[in-house]
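The values are calculated or read from the model by the stated rules, or taken from the named source; none is laboratory data. Note that the structure is a prediction, hence the values are computed from the model and not measured. Cβ atoms come from the backbone with ideal geometry, glycine included; neighbour counts cover every protein chain shown. Ligands, DNA and RNA are excluded from the accessible area calculation, which covers all protein heavy atoms including side chains. Shrake-Rupley method; radii C 1.70, N 1.55, O 1.52, S 1.80 Å.
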Amino acid sequence: MATFDDLKALVRQNNPAADIPRLERAFAFAQTAHAGQKRLDGSDYVTHPLETAYTLAHMNLDLDTIIAGLLHDVPEETAVTAEEIEKNFGSAVAKLVKGITKLGKLKYRGLERYAENLRKMFVAMAEDVRVVLIKLADRLHNLSTLSALPPIKQQRIARETLEIYAPIANRLGIGELKGKLEDLAFKYVYPEEYDWVIKIAQTRLEDQLAYVKGVIKQVQKILSDNNVPIVSIHGRAKHYYSLYRKLIRKDMDISKVYDLVALRVILPSVADCYQVLGLIHNLWKPLPGRIKDYIAQPKPNGYRSLHTTVFGDDGRIIEFQIRDQEMHDLAEYGIAAHWHYKEGGQKTINLPPTQLKWIKELLDWQKEIKDNEQYLQALKIDAFQNRIFVFTPKGDVIDLPDEATPVDFAFSIHSDIGNKCSGARVNEKIAALDSKLKSGDMVEIIVDKNRGGPSEDWLKFVKTNLAKSHIKNYLKRKRGGLLNFFNRRGKQ
Ligand code: MN
């Protein structure tokens, strides 16, 4: 459990110029407002906003966000109003707290309520993504104190975390928080599987960690022999829930999980990354098909790194993740890295445009789908599950739902390309417009400039909401046009 002194130390460490007296005033304000209130586990209520703020500080967010974390439950849970927060801490903090209050208590109260809350969350995210970061930090602490709640509530909250919060954290690129949220929820949603994963992982994990220690020494030596400076090198054990998901894909055979402990090498520059990849391959033979260049081809959530899996000494298999510090920050903190303090000003890390585009897309089509059940369905398909990644001829990555077709691809590039699309080449071969794309496909759309617009038949096979709404809009406009034409004729 974090104390207020821990929080202060962390804030100071991240940003030596931080206004600590302001942070102290915020904590005192939260303490007074929540005085006498207890959490269900018997602890003082203020421990909860304190832990929330600590998580935000750990993500290296700006002081306004950390203060909003300290005050996030004040308007909802106490007699103190958002106006008083504004008077004491300014409008930026008040806006964040109001955003959290507006989100309300995200609880399942039937499907309707669930969908409504999600809608609110995406609106908040588009207005200021920090509101959702506070909500995620809030959820993390609520999960870690879940044992104090009745089993039915535990289930609800844990399940909602796996279905909604962790995927959002993932899409925002915050790998660190996503892993923590999933592992905490895992044992409530799948208790037997959780125990099982822990049991099979543990013996192997210790063994692998010991082995990795030796590998680290060898890598340090070859890098120093070649005068490559290292920022840091460490082994990282896979999170339990993601291990469980992987085991399901690997016939429950843990010997096929090569990244149980991955070795992370953080280097000063991109050029160093490629050089070190070469040095490692020179020492150990890589497994075929497992070299991934996510620097040249980042994942859609912005993740960048070089990955390779090699046969180490004694034929033991080990995965390397090679990156520079900025890539590392983005992998751990994702969108939150945008607010990291940098000496001489903030925001030196540019966000991957795909993230911002994703948020905007969610917002656009959530306005269109009025039916809540349909909305949830679309959300699960479109936003979270079973994504495939295909390439444009120029090598840009387009992220689509499973079973998406060339028409979905065309509309995700541009509505004009969708409207005028007349054929497609997949991996340089002509393919039907309703063929199902697979991850790694290279897709090229054949455009017919004289084409009037999309065909109604396409509605039978397109998978993305974006394509559906473009086609429907076009058809509506076309019918509207015809109707006007007949109306005018009628009047003559
Ligand atoms: Mn809270």
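Tabulated data for the structure shown
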read-out: Any hit, the stretch 227-249, residues being closer than 22 Å to ALA331 by Cβ and modelled with pLDDT under 85; value: yes
read-out: Residue in the stretch 268-289 that is open to solvent by less than 20 Å² (accessible area, probe 1.4 Å), farther than 23 Å from GLY179 by Cα and under 27 Å from the mean Cα position of the chain (by Cα) present; value: yes
read-out: Residue in the stretch 172-194 that is without any contact (Cβ under 8 Å) to a residue 40 or more places away in the chain and either within 16 Å of the ligand (Cβ to nearest atom) or under 25 Å from MET327 (Cα atoms) (or both) present; value: yes
read-out: Given (1) acidic (Asp, Glu); (2) modelled with pLDDT under 90; (3) part of a helix (DSSP H, G or I), number of the condition ASP457 does not satisfy; value: (2)
read-out: Test for LEU267: is it within 17 Å of GLU326 (Cβ to Cβ), touching a helix residue (DSSP H, G or I) at 6+ places or on another chain (Cβ under 6 Å) and not assigned by TED's automatic domain parsing to the domain that holds ALA185; value: yes
read-out: Restricting the stretch 456-465 to residues that are touching a helix residue (DSSP H, G or I) at 6+ places or on another chain (Cβ under 9 Å) and surrounded by fewer than 16 Cβ atoms within 10 Å (Cβ to Cβ), the residue that is farthest from GLU403 (Cα to Cα); value: GLU456
read-out: Residue satisfying all of: in the stretch 125-161; of a type in the set (Gly, Ala, Ser) and open to solvent by 10 Å² or more (accessible area, probe 1.4 Å); modelled with the highest pLDDT among these; value: SER144
read-out: When residues of the stretch 127-141 are limited to those that are among the aliphatic types (A, V, I, L, M) and near the ligand (Cβ under 10 Å from one of its atoms), the one farthest from GLN155 (Cα to Cα); value: ILE134
read-out: Qualifying helices (runs of 4 or more DSSP H) (wholly inside the stretch 1-99; at least 3 residues being within 15 Å of the ligand (Cβ to nearest atom), open to solvent by less than 70 Å² (accessible area, probe 1.4 Å) and in contact (Cβ under 8 Å) with a residue 60 or more places away in the chain); value: 47-58, 63-71
read-out: Test: residue in the stretch 216-227 that is assigned by TED's automatic domain parsing to the domain that holds ILE266, within 27 Å of the chain's Cα centre (by Cα) and surrounded by fewer than 16 Cβ atoms within 10 Å (Cβ to Cβ); value: no
read-out: Candidate set from the stretch 421-441 (those that are touching an Asp or Glu at 6+ places or on another chain (Cβ under 7 Å) and open to solvent by 50 Å² or more (accessible area, probe 1.4 Å)); member that is nearest to ILE471 (Cα to Cα); value: SER422
